[in-house]
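Asker: Before I ask anything, let me first share the structure, which is written out below as structure tokens.
The values are calculated or read from the model by the stated rules, or taken from the named source; none is laboratory data. The shown structure was predicted, so the numbers you read here are calculated from the model rather than taken from an experiment. Cβ atoms come from the backbone with ideal geometry, glycine included; neighbour counts cover every protein chain shown.
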């Protein structure tokens, strides 16, 4: 599992790699809050390299998306998680919460 | 760019969950063995079949969840067999029971994989077991959670796919509401895997609800707020669906109802055909609008009442907790130290005339006593699990030895300290093996003797004062005292003309390497087992009592202390050294004057009402360099080797003390079984009278071993306690 933040002048990009699950949930929340409070107008979350996503990751990202909308931050998902991760989320009816039309 | 976190916490968490699963699975395996053995005696008991099925199902489900893939796959095939039995498609028979028992051994080995000294699972044996199970069930090998189709099959009833194993029955639709509880994720459970398992049972339409997810700032990142509404089309019964949730049922809201209303049928059709849309790039405050959500709204509007809904606030949800034994030990240690500090407080208060402080000190004393009693109770657990696992041993040995033996159990609810229970398995195993091999006669001989064809081994437990009595009794041939005596003479353990009492003869059985067996078998006969029994019981500060009647059987009773953490003792001193002697060993206390010493001509023997009792000077034994008082005290103690006296300066009174380990430097000092801290902070050494007497006798015949200094041990213990206290974080 690794969570990395890439910063540019206008946006933050959080890169999710490996298994993003309860073990990394606290850290992910911190990164999301920090990015949303940074004053930058765009926040992008990239799934490239994510091999698994559990429900804690889904609800954190979903809550962050709502928080971004309130704060006027453009929030988007990018990249593609591993097929197994997407299949598992689809089984649980969760994949719709992690797809944004502009990202794919 | 910054990288944070790493794989370590992930790995540590995974290992914690795996460990938790192992502990749970070990308990389930014990219960499974017990159920299978009962089933062996009663093939028609449906409740037992259900118990076996549920046990296998839990091991499979939890195993898959925690990464024990091989174990899950292996167990899945056994579960299938018992599902067939449950549904009346397969008859239970001894072959299936024996195969399943063998399979449990393999599962146990898979569980402990990688542990030092643990048996390894045998892939060839596993394959053979599965082949035989498949032969019995007539079903091909099944792998869990691998063959499901993600897309519902439009050709099946109501547009759902049907589970491969469920096609035979009537397919029905079930409406399922599932909401994980607050600790669900922290306990290592994963809702996604449960839903995955549900899909195996048939066509499943799922709608996840984010309604309970709080704003990001208030969100507990380790909690699952998502809940699910589902419609499952399956031929499986409600109980089978509930079984998917069997190991999380106490930590979730779960309702399973027949989806019979038109709205729900419409909902399932809608869900089935739903094309999941993407959420807009510019996210809104509302949840994504999808056909699934429309369906969910219809479901919410028309929801049938949730019968059996779980209330997280109700006390029965947390009726028990699984706590690692090491945490419990730390807790008891801390309580022990509190007891010590409280004793110091009481002593200090006695020197100050302040009624207010005295009143507070009394209150603390009362609370501390209550806390100590409660903490000791936490460690107490019933001996049932230890007893039950011997059913399997008796079953297997009876089969191997060609004997008919029934194990009966009495007093399984008797509670004793976990530490004692943990150390009981070995001695009980050796006693049972011994009874099975040497005690119980072969069936033919039993028939000739007119004894019942089925022999009995009776395991029992009961409280007796501050001790617990554990009994292993058989109705076999009894101990041949003449053979024991002859063997002892052969080995030079007793003189040829020695007059031995029954107790002395039986005590010979526990000598290292002693065996009367003419033949060494796989089961016993090497003379190792009974020696292990004696050593283990000694280390538990227990005693062994043997009774035997020729032709009628043998009974071995182990008397063990209820707890190893606290001891009732008598506090004595020699110079500036303090000792505690266990009250259980003490017979009486007599004075030793200089005249007495002169009368004995300098020999270390006291005349107690005509009986000559040898005594040991603790001053000499522990190298204490202080002058002797004019009148000393002899503590007369009873040991297995007879009565001995321990000479001390003064007897200070009785005490109930919390035992502390000596630490690694003094672990080899066997005459001292532990230490305790007195009210003023002084260390007192707890003596082991048996070992002390043996050591003294040995010193007479072989010369003294290197003496240990009581003050050196006490100083080392004090230093260790100071370091431990300094290392402990203090509340600011």
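Quick grid of which residues meet (1) away from every other protein chain (no Cβ under 11 Å); (2) not in a helix (DSSP H, G or I):
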residue: B:205; (1), (2): no, yes
residue: B:228; (1), (2): no, yes
residue: B:239; (1), (2): yes, no
residue: B:257; (1), (2): yes, yes
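Asker: Would a scan of the stretch A:2-15 turn up a residue that is more than 15 Å from residue B:222 (Cβ to Cβ), buried (at least 23 other Cβ atoms within 10 Å of the Cβ) and touching a strand residue (DSSP E or B) at 6+ places or on another chain (Cβ under 7 Å)?
Answerer: No, because not a single residue in the stretch A:2-15 is more than 15 Å from residue B:222 (Cβ to Cβ), buried (at least 23 other Cβ atoms within 10 Å of the Cβ) and touching a strand residue (DSSP E or B) at 6+ places or on another chain (Cβ under 7 Å).
Asker: What single numbered condition from (1) more than 24 Å from residue B:186 (Cβ to Cβ); (2) within 7 Å of another protein chain (Cβ to nearest Cβ) fails to hold for residue A:88?
Answerer: Unmet for residue A:88, out of (1) more than 24 Å from residue B:186 (Cβ to Cβ); (2) within 7 Å of another protein chain (Cβ to nearest Cβ): (1).
Asker: Looking at the stretch B:382-401 only, could you name the residues that are loosely packed, with under 15 Cβ neighbours inside 10 Å and under 21 Å from residue B:413 (Cβ atoms)?
Answerer: Selection gives nothing.
Asker: Still on this structure, please answer the following. Out of A:59, A:95, A:67, which single residue is within 21 Å of residue A:18 (Cα to Cα), touching a helix residue (DSSP H, G or I) at 6+ places or on another chain (Cβ under 6 Å) and facing another protein chain (nearest Cβ under 9 Å)?
Answerer: When all the criteria are applied, what remains is A:95.
Asker: Of the residues B:470, B:432, B:479, which single one is closer than 13 Å to residue B:551 by Cα and buried (at least 22 other Cβ atoms within 10 Å of the Cβ)?
Answerer: B:479
Asker: Out of the stretch A:70-84, which residues are in contact with a strand residue (DSSP E or B) (Cβ under 6 Å, 6 or more places away or on another chain) and more than 10 Å from every other protein chain (Cβ to nearest Cβ)?
Answerer: At the first step, the residues of the stretch A:70-84 found to be in contact with a strand residue (DSSP E or B) (Cβ under 6 Å, 6 or more places away or on another chain) are A:73-79, A:81-82.
Of everything in the stretch A:70-84, those that are in contact with a strand residue (DSSP E or B) (Cβ under 6 Å, 6 or more places away or on another chain) and more than 10 Å from every other protein chain (Cβ to nearest Cβ) turn out to be A:78, A:79, A:81, A:82.
Asker: Moving on. Determine, yes or no, whether residue A:15 is within 11 Å of chain B (Cβ to nearest Cβ), under 12 Å from the mean Cα position of the chain (by Cα) and within 25 Å of residue B:183 (Cβ to Cβ). Reasoning before the result, please.
Answerer: Numbers: within 11 Å of chain B (Cβ to nearest Cβ): yes; under 12 Å from the mean Cα position of the chain (by Cα): yes; within 25 Å of residue B:183 (Cβ to Cβ): no.
No; evaluated as a whole, the condition is false for this residue.
Asker: Quick one: which helices (runs of 4 or more DSSP H) lie wholly within the stretch B:405-479 and hold at least 2 residues that are more than 21 Å from the chain's Cα centre (by Cα) and in contact (Cβ under 8 Å) with a residue 60 or more places away in the chain?
Answerer: It comes to B:425-434.
Asker: Name the one entry in B:476, B:465, B:471 that is farther than 21 Å from residue B:389 by Cα and at pLDDT 90 or above.
Answerer: Exactly one of B:476, B:465, B:471 is farther than 21 Å from residue B:389 by Cα and at pLDDT 90 or above, namely B:476.
Asker: When you scan the stretch A:3-16, how many residues do you find that are closer than 30 Å to residue B:207 by Cα and modelled with pLDDT under 90?
Answerer: 1
Asker: In the stretch B:354-393, which residues are within 22 Å of residue B:462 (Cα to Cα) and touching a residue at least 60 places away in the same chain (Cβ under 8 Å)?
Answerer: B:376, B:379, B:380, B:383, B:385, B:387, B:388, B:389, B:390, B:391
Asker: Name the residues in the stretch A:21-49 that are at pLDDT below 90, surrounded by 22 or more Cβ atoms within 10 Å (Cβ to Cβ) and more than 10 Å from chain B (Cβ to nearest Cβ), would you?
Answerer: Listed by number, the list holds a single entry, A:47.
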